[in-house]
1. For S61, work out the one condition from (1) modelled with pLDDT of 90 or more; (2) among the polar types (S, T, N, Q); (3) touching a Leu at 6+ places or on another chain (Cβ under 9 Å) it doesn't fulfil.
2. Mind checking whether some residue in the range 15-29 is open to solvent by less than 40 Å² (accessible area, probe 1.4 Å) and among the β-branched types (V, I, T)?
3. Being modelled with pLDDT of 90 or more and of a type in the set (D, E) is the filter here; which residues of the range 4-15 pass it?
4. Determine the pairs where a residue that is farther than 15 Å from A38 by Cβ, located within the range 70-95, has a partner that is loosely packed, with under 10 Cβ neighbours inside 10 Å with Cβ atoms under 9 Å apart, the partner being 6 or more residues away or on another chain.
5. Scan the range 44-95 for residues that are within 13 Å of the chain's Cα centre (by Cα), open to solvent by 80 Å² or more (accessible area, probe 1.4 Å) and more than 23 Å from D3 (Cβ to Cβ) and jot them down.
Amino acid sequence: MPDPLIDRRGVNAVEAIFLNEFGWIFREQTVSDVGIDAQAEVVEFGKATGKLIALQIKTESSYFRKHGSDYIYYGEQRHLDYWLGHSLPVFLILH
């Protein structure tokens, strides 16, 4: 039976990394998620910089295939088009 909380676990884990490891601001996109799960804002020397990145978090490994030491994402062209046309740099994160 699939884990109904898998997406929440992935977002929470990624948020913890951005907050605890990087010390960045993490803003989850909770309304009308079309392909971006969150934004992160760079913090330098304890100050928010206004520099943002968009995050698409994938928690299910079915979207990925291992290729040597790398992973290849197998998604839909419409998602890639959306990310490439986004106003922010989009990071695809596998959790």
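The values are calculated or read from the model by the stated rules, or taken from the named source; none is laboratory data. Since we're looking at a predicted model, the values are computed, not measured. Glycine gets a Cβ as well: all are built from the backbone with ideal geometry, and neighbour counts include every protein chain shown. For accessibility, only protein heavy atoms count, side chains too; no ligands or nucleic acids. Shrake-Rupley method; radii C 1.70, N 1.55, O 1.52, S 1.80 Å.
1. With respect to (1) modelled with pLDDT of 90 or more; (2) among the polar types (S, T, N, Q); (3) touching a Leu at 6+ places or on another chain (Cβ under 9 Å), S61 is out only on (1).
2. no
3. Residue satisfying the conditions is E15 alone.
4. Pairs found: I72/K66; Y74/S62; Y82/V34.
5. Result: F91, single match.
This table checks each residue for (1) farther than 16 Å from I93 by Cβ; (2) at pLDDT below 95; (3) out of contact with any Lys or Arg (no Cβ under 9 Å at 6 or more places or on another chain).
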position: P2; (1), (2), (3): yes, yes, yes
position: I25; (1), (2), (3): yes, no, yes
position: V34; (1), (2), (3): yes, yes, yes
position: A40; (1), (2), (3): no, no, no
position: K47; (1), (2), (3): yes, no, yes
position: S69; (1), (2), (3): yes, yes, yes
position: I72; (1), (2), (3): no, yes, no
position: E76; (1), (2), (3): yes, yes, yes
